[in-house]
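Asker: One structure, as structure tokens, below. Some questions next.
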Amino acid sequence: MTQSFLQIKGLTKNFGGLRAVNDVTFSMERNQVLGLIGPNGAGKTTLLRLITGILKPDAGHVCFMGKEIVGRKTWDIVNMGIACTFQNMRPFRRLPIIANVMVSCLSPRAMKRGEWVKRLEAKAMDALEFAGISDMAREKASTLSQGDLKRLEVARAVATEPELLLLDEPFGGLSPAETDLMAKSIRRLHKGGRFGRLHSEGPAMIIVEHKLQWLMKIVDRIIVLNFGNMIADGTPDEIVKDPRVIEAYLGKGDT
Amino acid sequence: MALILFYLRKLFSVIKNEVLVLPSRVVVVLFFLFLLLVPLFTKDTYLLRIFTLTSIFAILAASWDLLSGFTGQMNFGHALFFGVGAYSAALLNKYGGIPPWGTVPLGGLGAVLAGLIIGIPCLRLRGTYLALTTLAFPIILMGLVFAFPNITGGELGISGIARLAGSRVADYYIAVVVMLGLCTIMWKITDSKTGIIFHAIREDELAVRTSGINTTRYKLLAFSLSGFFAGISGGIYAHFMRIAGPSTLEVSMSFQVVIWAIFGGIVTIYGPVGAVFVLFPLMEFLRFWQEYRILMFAAVVLLILLYMPDGLFRWLRDKIEKECPRCKIRNIATRDTCRICTASLD
């Protein structure tokens, strides 16, 4: 039996009496870009947090490249090659932007893969260059706008040179022009290659997003969650026609 | 000969291009020189004693800043490290017969152990909970000290331990040189890659974890480093006073450190050091009005913190230096353009 790149089996998480993620099972391949959608409170962010080990699941397994990662520490998981961004951005506000990214460059994974890079700062700079905020590298992170903070989140995740990138609402709060830019960077990243001293493996991605028309252009598969249950799984075209998805978003009856 | 000339020229150019351009650096150099030259001008034992104690407490205040200022792990029981350093140095000297140059570093290592012992249970705690928990540890140790009076001397402490060195001047030089050395090391640590991670842990620990950094390891590192430096200052204190008593573990000792650090400005290292050099001699000076001593001390601290909430030395530094808005390099406040990128200041 061939091992899938990422395999999630029966993942369940309760918050008190609320079942936030209920028995979610799917697997994805190395070259996929997966969209994760669903109404508010459907458990999308919780699912990402379970994968990165920020939250511990109550039941179920997550296998990444054939290894069980449930129960591992977050930093171990990141060093195995899963990077994530936060929906409500969490920069180190009082540090310069370059220092924000240098923290990621100091992780064992980034250090091992960039041995030939003598200067961390140069590598961090290239991550910022990729995200398009290198001209503000010396500013404090607290001075950044919403859109630039989103890009800082991406730069920070990319600096660990991940194999799987979990993006939590990368377009949230961005203007249409900024969204275009961000979508372009994401596609460029998925193609892989070198950005200066930074090497991109062309990571697989899971993207949580509400702006569906943008998401459709990037992803090649979509999973829909509602009240913690997986209600649909398919290509973007199949998903928009799926009656269960329309019901979850718009309610029953008047279609 | 050519080699000596080369290094002289290099030294000269460093002084000219790196030190003289910024008043804060000039002040630091003058501070070093002043401390190293004091005994040439005065042999007054009282004055030397004040400066020796000031240096010892400066190490302590700076080590608190390393842990609580930089890493954000609020430690309200910093006297624990000081006391452990003092008691281990005293015990090793009295019962082990080890001379001060051995007991002081070993006392520091003892405090590292204490740092790990309180660091491990405190890993999951944050903010006020961490502060309250750390507050308890020196009190627990004080209870242990009183519980075994035949080893620790109980209330009287361990007295009659070896002197730090032969004379007051030698004591002074040991304390000052160790202080200058350790504070430089601490400043270098905070300026290094590890320092960036310490800063980041203070800002947002979860985000550091998702950047792939083992935060447990770095927090324990901060606890042990801070404990080591504080333990060394405790060991020197014990040998200088020739007694290690329960006063080193008192709650007031822990808070004294916090007051010093916040007065001078946290997250700077130089702030707490400078603050001790202002406040400790001030406290001695106020002995002239013995009854009002504490009241006046409190008034000074309150006034400074009211008008300079970032600390005295931060405030002074911002008065004499400006940051270039473009390249973020500091310039003397009298300049109109940045010395590096020639952008207009202000």
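The values are calculated or read from the model by the stated rules, or taken from the named source; none is laboratory data. Note that this is a predicted model, so its numbers are computed, not measured. FYI the Cβ positions are ideal-geometry reconstructions off the backbone, even for glycines, and counts take in every protein chain you see. Side chains are part of the model used for accessible areas, which takes the heavy atoms of the whole protein and leaves out ligands, DNA and RNA. Shrake-Rupley method; radii C 1.70, N 1.55, O 1.52, S 1.80 Å.
Asker: Under a plain spin-label model, where a point goes 7 Å from the Cα along Cα-to-Cβ, how far apart in nm are B:K188 and A:L181?
Answerer: 4.1 nm
Asker: Further, regarding this structure: Short version: ³J(HN,Hα) in whole Hz for each residue of region B:165-182, in order, from phi by Karplus 6.51 cos²θ - 1.76 cosθ + 1.60 (θ = phi - 60°), x for Gly and Pro, what are they?
Answerer: Computed from phi, the couplings for region B:165-182 are 8, x, 10, 4, 5, 5, 4, 4, 5, 4, 4, 5, 5, 4, 4, 4, x, 5 Hz.
Asker: Compute the long axis of helix B:215-241 from its Cα atoms, compare it with the longest principal axis of the Cα atoms of chain B, and write down the angle in degrees, 0 to 90, nearest 10.
Answerer: Roughly 70 degrees, rounded to the nearest 10.
Asker: Between A:M111 and B:L20, with labels modelled 7 Å along Cα→Cβ, what's the label distance in nm to one decimal, could you check?
Answerer: In this crude label model, A:M111 to B:L20 measures out at 4.1 nm.
Asker: Run the numbers on region B:212-346 and let me know its relative contact order in percent, using alpha-carbon pairs under 8 Å that are six or more apart.
Answerer: 14 percent
Asker: Mean residue ellipticity at 222 nm from the helices of chain A, using -39,500 (n - 2.57) per DSSP H segment of n ≥ 4 over the full residue count, to the nearest 500 deg cm²/dmol?
Answerer: Estimated from H runs of four or more residues: -10500 deg cm²/dmol.
Asker: Below 8 Å between Cα atoms, with a sequence gap of 6+, how large is the relative contact order for region B:43-144 in percent?
Answerer: 33 percent
Asker: Give me D for chain A in µm² s⁻¹, whole number, from Stokes-Einstein with Rh from the Kirkwood sum over alpha-carbon pairs, 20 °C and 1.002 mPa s. Intermediate values should be presented prior to the final figure.
Answerer: Working: Rh = 18.7 Å.
This corresponds to a translational diffusion coefficient of 115 µm²/s.
Asker: If I take R0 = 41 Å and measure r between the Cβ atoms of B:F12 and B:L144 in this structure, what FRET efficiency does the formula 1/(1 + (r/R0)^6) give, to the nearest 0.05?
Answerer: With a Förster radius of 41 Å, E is 0.15.
Asker: Moving on. So if I average 1/r over every pair of distinct C-alpha atoms in the protein assembly as shown and take the inverse, what Kirkwood radius in Å does that give? If you can, show how the numbers build up before the last one.
Answerer: Values: mean 1/r = 0.0366 Å⁻¹.
Hydrodynamic radius (Kirkwood, Cα pairs) of the protein assembly as shown is 27.3 Å.
Asker: If you don't mind, another one. Express in nm, to one decimal, how much length is gained between A:R119 and A:K56 on full extension, taking 0.36 nm for each residue of separation and deducting their alpha carbon distance.
Answerer: 19.1 nm
Asker: Now, a different point. Residue by residue through region B:85-99, what is 3J(HN,Hα) from phi via Karplus (6.51 cos²θ - 1.76 cosθ + 1.60, θ = phi - 60°)? Round to whole Hz and write x for glycine and proline.
Answerer: x, 5, 5, 5, 4, 5, 5, 4, 6, 6, 9, x, x, 7, x
Asker: Further question: If you roll a 1.4 Å probe over the heavy atoms of the protein chains, what accessible area per residue do you get for region A:156-213, in Å²?
Answerer: Dividing the accessible area of region A:156-213 by its residue count gives 36 Å².
Asker: Further, regarding this structure: For A:K73, list the lysines whose Cα falls under 18 Å from its own Cα; do not include residues on the same chain fewer than 8 positions away.
Answerer: A:K13, A:K56, B:K219
Asker: Please report, to one decimal in angstroms, the Kirkwood hydrodynamic radius of region A:3-59 built from all distinct Cα-Cα pairs.
Answerer: Here the Kirkwood hydrodynamic radius works out to 12.1 Å.
Asker: How tilted is helix A:176-191 with respect to the longest principal axis of chain A? Cα atoms for both, answer in degrees (0 to 90, nearest 10).
Answerer: Its long axis makes an angle of about 80 degrees.
Asker: Quick one: among B:G181, B:G227, B:G77, which has the greatest mean-square fluctuation in a GNM of chain B with alpha-carbon springs under 10 angstrom?
Answerer: Judging by the Gaussian network model, the answer is B:G181.
Asker: Amide H to amide H under 5 Å from A:I222: which residues, 5+ apart in sequence or cross-chain, H placed 1.01 Å off N in plane?
Answerer: So A:I222 has HN proximity to A:G35, A:G234, A:T235.
Asker: Something else: Region A:206-255 to region B:48-73: how many Å between their Cα centroids?
Answerer: 59 Å
Asker: Given the options B:M179, B:M296, B:M241, which has the most mean-square fluctuation in a GNM of chain B, springs set between C-alpha atoms less than 10 angstrom apart?
Answerer: Comparing B:M179, B:M296, B:M241 in the GNM, the peak value goes to B:M296.
Asker: Taking H as built 1.01 Å from N, whose amide H comes closer than 5 Å to the amide H of A:I206, not counting residues under 5 places away?
Answerer: Excluding prolines and chain starts, which carry no amide H, the hits are A:L34, A:L165, A:L166, A:L167.
Asker: At a threshold of 8 angstrom on Cα-Cα distance, excluding pairs fewer than six apart, so keeping six or more, what relative contact order does region B:46-297 reach in percent?
Answerer: About 40 percent, as a whole number.
Asker: Further question: Hey, rough spin-label estimate for B:D310 and A:Q213, points 7 angstrom out along Cα→Cβ, what's it come to in nanometres?
Answerer: Here the answer is 4.6 nm between the modelled labels.
Asker: Compute for region B:46-297: radius of gyration divided by Kirkwood radius, i.e. Rg/Rh, restricted to C-alpha atoms, rounded to two decimals.
Answerer: 0.97
Asker: Quick query: amide H of A:V21 versus all other amide H atoms, modeled in the peptide plane; which residues come in under 5 Å with a sequence gap of 5 or more or a different chain?
Answerer: Amide H to amide H, under 5 Å and 5 or more residues apart or across chains, A:V21 pairs with A:K13.
Asker: First measure r as the distance between the Cβ atoms of A:K73 and A:F26, then evaluate 1/(1 + (r/R0)^6) with R0 = 25 Å and state the FRET efficiency to the nearest 0.05.
Answerer: 0.55
Asker: At R0 = 45 Å, how high is the FRET efficiency between B:T342 and B:L303 if r is their beta carbon distance? Nearest 0.05 is fine.
Answerer: So the FRET efficiency works out to roughly 0.70.
Asker: Sticking with this one: Helix A:146-158 versus the longest principal axis of chain A: what is the Cα-based angle in degrees, 0 to 90, to the nearest 10?
Answerer: Its long axis makes an angle of about 80 degrees.
Asker: Could you check which residue among B:V273, B:V29, B:V38 shows the biggest mean-square fluctuation in a GNM of chain B with a 10 Å Cα cutoff?
Answerer: Residue with maximal mean-square fluctuation among B:V273, B:V29, B:V38: B:V29.
Asker: How large is the dipole of the protein assembly as shown about the Cα centre if only Lys and Arg carry +1 and Asp and Glu carry -1, each at its Cβ, rounded to the nearest 20 debye? Don't skip to the end; give the middle numbers.
Answerer: Details: 65 positive and 46 negative charges, 248 e Å.
In debye, rounded to 20, the protein assembly as shown gives about 1180.
Asker: Would you kindly give the portion of the calculated P(r) for region B:220-288 that falls above 20 Å, as a percent of all Cα pairs? The partial results should precede the final answer.
Answerer: Working: 916 of 2346 pairs.
Tail fraction, whole percent: 39.
Asker: Also: For chain B, which cysteines have no second Cys with its Cβ under 4.7 Å from theirs?
Answerer: When partners are defined as cysteine Cβ atoms under 4.7 Å apart, chain B leaves B:C122, B:C183 without one.
Asker: State the three equivalent ellipsoid semi-axes of region A:176-250, derived from the C-alpha gyration tensor as the square roots of 5 times its eigenvalues, in descending order and whole Å.
Answerer: Value: 29, 14, 10 Å, ordered largest first.
Asker: Hey, another quick one. What size of dipole, in debye to the nearest 20, comes out for chain A about its Cα centre when the only charges are +1 on Lys and Arg C-beta atoms and -1 on Asp and Glu C-beta atoms?
Answerer: Taking the Cα centre of chain A as origin, the dipole is about 800 debye.
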